[in-house]
Amino acid sequence: DAGADDYLVKPFSARELVAMVRSHINLVRIRRAAIEREAGLLGEIAKARDTLESVIEGTSDAYISVDNELRVRAVNEVSISIIKQPREAIIGRTVTEMEPEAAAVADALRRAIRERRTIGLHYLQQRSGRWFNVRCYPSADGAIAFANEITREKQAEARLLLAHQELEQRVEARTHELNSANALLEAEFDRTPAAIALSDLDGRIVRTNADFER
């Protein structure tokens, strides 16, 4: 009650007293070493966090960290510029509360947590018309996501697809015209009142009409 570390009940021997004092001295040394080690580890953790924060803030990708309930724990400035809300309005809210149209991103984060693997998707932010390549990774107690904008790539894909469709339509139209022309040629070739034979450049006959055969 007085705050002593330990006590001995009389009578006790000098050997007992020395052994007890020695054990307490060793215990203090162990505690001191543990405290110093803990302080060193806390310093390393703080340094690692500062480095990670610098990397995250310095990247051109959007970054978001969520817990197992998909509540936002951290975002970088790139994410804030995309979401168009202040940081204090984002932290603590779920992904869909923060961005109602991001249900697909929320589903990908849930899958990353549940399946413990990377889940990727292409996400269209409807209100801005911007496309993002999103990569969701499981973490110890939730998930993190990185996203980079791919709007230009998507626009290029759309233009390429449109050009391909137009080309297919033109080919289909020309094929139809060619088939019609061949059908007309076939009819005229067989009905003409003259003997006709067609040959290749080496003089081999490749086609004749009925009059020529007669």
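Any read-out appearing in this document is the output of simple, stated calculations on the displayed coordinates, not a laboratory observation. In this text, all values refer to a predicted model and were calculated from it rather than measured experimentally. Every residue, glycine as well, gets a Cβ built from its backbone with ideal geometry; the counts of neighbours run over all protein chains shown.
Looking only at Glu157, Glu44, Glu69, which one moves most when the chain is put into a Gaussian network model with springs between Cα atoms under 10 Å? With Cα springs under 10 Å in the chain, the top fluctuation among Glu157, Glu44, Glu69 is at Glu44.
Is there a quick way to get the dipole size of region 77-209? I mean about its Cα centre, with the Cβ of Lys and Arg at +1 and of Asp and Glu at -1; what is the value in debye to the nearest 20?
That gives a dipole near 660 debye.
Here the Gaussian network model covers the chain, with springs between Cα atoms less than 10 Å apart; of Ile91, Ile45, Ile82, Ile45 fluctuates the most. Here region 81-159 is treated as a sphere whose radius is the Kirkwood value from Cα pairs; by Stokes-Einstein at 10 °C and 1.306 mPa s it diffuses with a coefficient of 118 µm²/s. Note on the chain: dipole from Cβ charges, positive end direction compared against Thr151, Leu42, Ser199; the farthest Cα belongs to Leu42. The reciprocal of the average 1/r between distinct C-alpha atoms defines the Kirkwood hydrodynamic radius, which for the chain equals 25.6 Å. Region 168-213 has equivalent-ellipsoid semi-axes of 27, 15, 5 Å, by the square roots of 5 times the alpha carbon gyration tensor eigenvalues, sorted largest first. In plain terms, the C-alpha convex hull of region 1-115 casts an average shadow of 13.3 nm² when viewed from every direction.
Want the number for Leu42 to Glu88: 0.36 nm per residue separation, take away the alpha-carbon distance, what's left? Write out the running numbers ahead of the final one.
On the way: separation 46, 0.36 × 46 = 16.56 nm, distance 2.65 nm.
That pair, Leu42 and Glu88, stretches by 13.9 nm at full extension.
Coordinate range of the alpha-carbon atoms in region 106-214 per principal axis, descending: 90, 30, 24 Å.
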